[in-house]
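What follows is a single structure, written as structure tokens, with notes after it.
The values are calculated or read from the model by the stated rules, or taken from the named source; none is laboratory data. Worth saying up front: this structure is predicted, and the values here are computed from it rather than measured. Every residue, glycine among them, receives a Cβ derived from its backbone with ideal geometry; neighbour counts consider all protein chains shown. Note: accessible area is taken over every heavy atom of the protein model, side chains too, but ligands, DNA and RNA are not part of it. Shrake-Rupley method; radii C 1.70, N 1.55, O 1.52, S 1.80 Å.
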Amino acid sequence: MSSRRVRVTGLGRPDAGVSRTKKQQQNQGLPRQHQQQQEAGGGGRAGREHAHHLFDELLRRDTTSIFDLNSALSAVASESPAVALSLFNRMPRADLCTYNIVIGCCSRAGHLDLAFAALGRVIRTGWTAQAITFSPLLKGLCHDKRTSDAMDIALRRMPALGCTPNAFSYNILLKGLCDENRSQQALHLLHTMMADDTRGGCPPDVVSYTTVINGLLREGQLDKAYCLFDEMLDQGMSPNCITYNCLLHGYCSSGKPKEAIGIFRKMCRDGVEPDVVTYNTLMVYLCKNGRSMEARKVFDSMVKKGHKPDSSIYGTLLHGYATEGYLVQMHQLLDVMVRNGTQPDHYIFNILIGAYAKHGMVDEAMLAFSKMRQQGLHPNIVTYGTVMDALCRVGKVDDAMSQFDRLISEGLTPDGVVFRTLIHGLCACDKWDKAEELAVEMIGRGICPDTIFFNTLLNHLCKEGMVTRAKNIFDLMVRVDVQRDVITYTTLIDGYCLDGKVDEATKLLEGMVLDGVKPNEVTYNTIINGYCKNGRIEDACSLFRQMASKGVNPGIVTYSTILHGLFQTRRIAAAKELYLWMIKSGIKFDIGTYNIILQGLCQNNCTDDALRMFHNLCLIDFHLQNRTFNIMIDALLKGGRHDEAKDLFASLLARGLVPNVVTYWLMMKSLIEQGLLEELDDLFLSLEKNGCTANSRMLNALVGKLLQKGEVRKAGVYLSKIDENNFSLEASTAESLVFLVSSGKYDQHINSIPEKYRPTAKSRAVFSQKKKIQGCLMLPVAMEL
């Protein structure tokens, strides 16, 4: 083979260390005017005609060498493999370089069969195939997820043909394995390369290590990836920016910001300059985790280093600001972006419109929508979807439908998001006919609103108490041929129960079975709970017994619901009987069930039984909650057993639990009733020391209780605390204050009340007195005023 041919073959190597550009290499040997045309030309019909014209001229020249023809063929192949193959058929002669180009063209065009046929011709001709000859084949096989076949060729067939795989060959295999989530095999192959290197084989390069590190990270094997990174350093290999970016992205994706920052700092210490991808990776992580202010610092650092942010990087930070509601910062960054010469694109406008929509700023959203058109950008389907969602949120469903008609007229195809947004908006406005019409159109376009969409809508309506609308949606599902599943039925059943329509829920359960949908435990629990809340314990027990016969085993939630219902209807014996049966059946109790039993016993004057159960739970070291202690403390205090309640309060701390506001309120209420006001103050101080904060409700309740007991001075102290915390005075507290002043019994203590509350109390007291007088004289209040 000629030296010229070897030289041309070398030019095809991606890792060849040459100074000329690929385009210059491809154009070598072409007439100057054709080089210029080739550089200016592109694909398409004009490019094909030019390529054929060039080949015609080369073929007419007597001095044209195979080198010139291969150069022309290579130039065409980079732009259009199909055209290159047609030109190959016109070549009067070919060498190994020619076939290398042809094999590459066939592989890139997806015709591996033709590529293998060309390789067969090389072997039959007697040429010694080189690693570059096989590289396109290896790439094509890996692209088709046939990495095992590629490995067989590289590790077995290539050596048999006298061709040693090079680093580029191995890197293709490593990437293929990682793309198939076989990073462990890639790691083994990398170690094989290292072992072969000691025997004069092919050592792994930075691309090899980076490829496997990235594969391990994508599969979540962070520890192995970092070990390989350390191994890479031990081998004297210097990681490049791409290596660090892979590690950075891997740690950020796995929610390990400390490790990511550590990698970033090491990168800077090792003298590897972070690129735009590095900074963007950090910014994306920070913005996704609600830390857009920190992302801004990264952005400023990037700009300071001389990197020019593009639209996508601006978009990352703008989206972060929008998500967190920092609209002022969002506008400021947008101004910076425009001043720096980057005009908003579709992505940026969609962020702005979405931010306005999220915060109910429909007018601003529509203004941004108009500006988008003014700048020559036509809204895409995402833009329209965002605008329609904003309009539907504020009930402007007719305007949303107008935008829908407009997007159709502009030739855009509505997607599932657009249809679901409009259907939801129409249903919320009681426009059921139009919603059904749109659902039918949606299905006609091949976009079916799935069961999940309808279930979400049903759940929203039922939680808002709009069960009639929910039933309409439920019926609509049948008309548009969407399958109703157990969640669909259970959601509507829950809606009926919340609305107090348990009989309707029961009818729906029967219809559910007839429709071939099997109720689950949640379905039965929902109706049982509905019966219990309506005091229909017999119906609840009847349905409870039916569950097992229908093949649905009751769980702890079911038993807890029945127990609660029995206690609420004072059927203590039945509740105890069920409790004992549960123990015999080996049913495991959770703390929620025990709380129901303890509270049920206490409410039905069985406090001693509850205490015995509570102490047994303490003995077996069962994990108790604050609520458990609160139930028992409340029962003891109501029974006048104050010392036992105090002991229980102290034991709560001993068990490592911190009393909550409810616990403290129970104890404080008891101390007020007993007149132990000094102990009340001590207890309030301990509340603050234990890290428990008195809320508005608790302070208002304290003041109200003190006022009821005539403890005006002490009430004044806690009124001051309400004022210090900027809490509001609740209506019941204000009423107690007015009653106190109007009675006149505590005038000597009126100065104990903070001054800001005195005028209010006095004016209300005067008004109250006037109403009493008017009531006696039977005069309307309006006349007196």
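A few comments on the model shown:
- Straightening the chain between Arg124 and Asn690 buys 195.0 nm, computed as 0.36 nm per residue apart minus the Cα-Cα spacing.
- Positive-end residue, the chain charge dipole about Cα centroid, Cβ charges, pick of Leu461, Met91, Gln568: Met91
- Cut-off 17 Å (backbone N to label point 7 Å along Cα→Cβ of Asp621), residues of region 640-682: 654-657
- Net charge dipole size for the chain [Lys, Arg +1 and Asp, Glu -1 on Cβ; Debye, nearest 20]: 920 debye
- Accessible solvent surface per residue of region 142-282, calculated while the other protein chains remain in place, 1.4 angstrom probe, Å²: 48 Å²
- Taking other residues whose beta carbon is less than 13 angstrom from the beta carbon of Val440, and scoring Lys, Arg as +1 and Asp, Glu as -1, yields -2.
- Theoretical ellipticity at 222 nm over the chain - DSSP helices of four or more residues, -39500 (n - 2.57) apiece, nearest 500: -22500 deg cm²/dmol
- Residues of type lysines that Lys721 reaches as a straight line, Cα spacing below 22 Å, ignoring anything fewer than 8 places off in the same chain: Lys669, Lys689, Lys705, Lys709, Lys756, Lys762
- Of the residues Gly516, Gly255, Met698, the one whose Cα sits farthest towards the positive end of the charge dipole of the chain is Gly255 (charges of +1 on Lys and Arg Cβ, -1 on Asp and Glu Cβ, taken about the Cα centre).
- Within straight-line reach of Lys434, meaning a Cα separation under 20 Å, sit the following lysines at least 8 residues removed in sequence or on another chain: Lys396, Lys471.
- Within the shell of other residues whose beta carbon sits under 12 angstrom from the beta carbon of Gln329, the net charge comes to -1, with Lys and Arg scored +1 and Asp and Glu -1.
- Cα-based radius of gyration for region 619-679, normalised by 2.2 N^0.38 Å, reads 1.10.
- For region 461-574, the per residue solvent-accessible surface stands at 48 Å², with DNA, RNA and ligands left out and a 1.4 Å probe.
- Surface per residue (accessible, 1.4 Å probe) for region 701-740, Å²: 49 Å²
- Kirkwood hydrodynamic radius over Cα pairs of the chain, then Stokes diffusion coefficient at 20 °C and 1.002 mPa s, in µm²/s: 60 µm²/s
- Pairs from Lys224/Lys288; Lys224/Lys256; Lys266/Lys288; Lys258/Lys297; Lys175/Lys288; Lys463/Lys518 whose Cα-Cα separation, in the structure shown, is over 19 Å: Lys224/Lys288; Lys266/Lys288; Lys175/Lys288; Lys463/Lys518
- Evaluated with a Cβ-only charge set (Lys, Arg +1; Asp, Glu -1), region 516-574 carries a dipole of roughly 60 debye about its Cα centre, given to the nearest 20.
- The phi-based Karplus calculation (6.51 cos²θ - 1.76 cosθ + 1.60; θ = phi - 60°) puts the 3J(HN,Hα) values of region 290-301 at x, 10, 5, 5, 5, 4, 5, 5, 5, 4, 4, 5 Hz, whole numbers, x for Gly and Pro.
- Candidate aspartates and glutamates for bridging to Lys646, where Cα separation is under 18 Å - those fewer than 8 sequence places away on the same chain excluded: Asp608, Asp634, Glu673, Glu678, Glu679, Asp681, Asp682
- By accessible area, using a 1.4 Å probe on protein heavy atoms only, the chain has 52% of its surface on carbon and sulfur.
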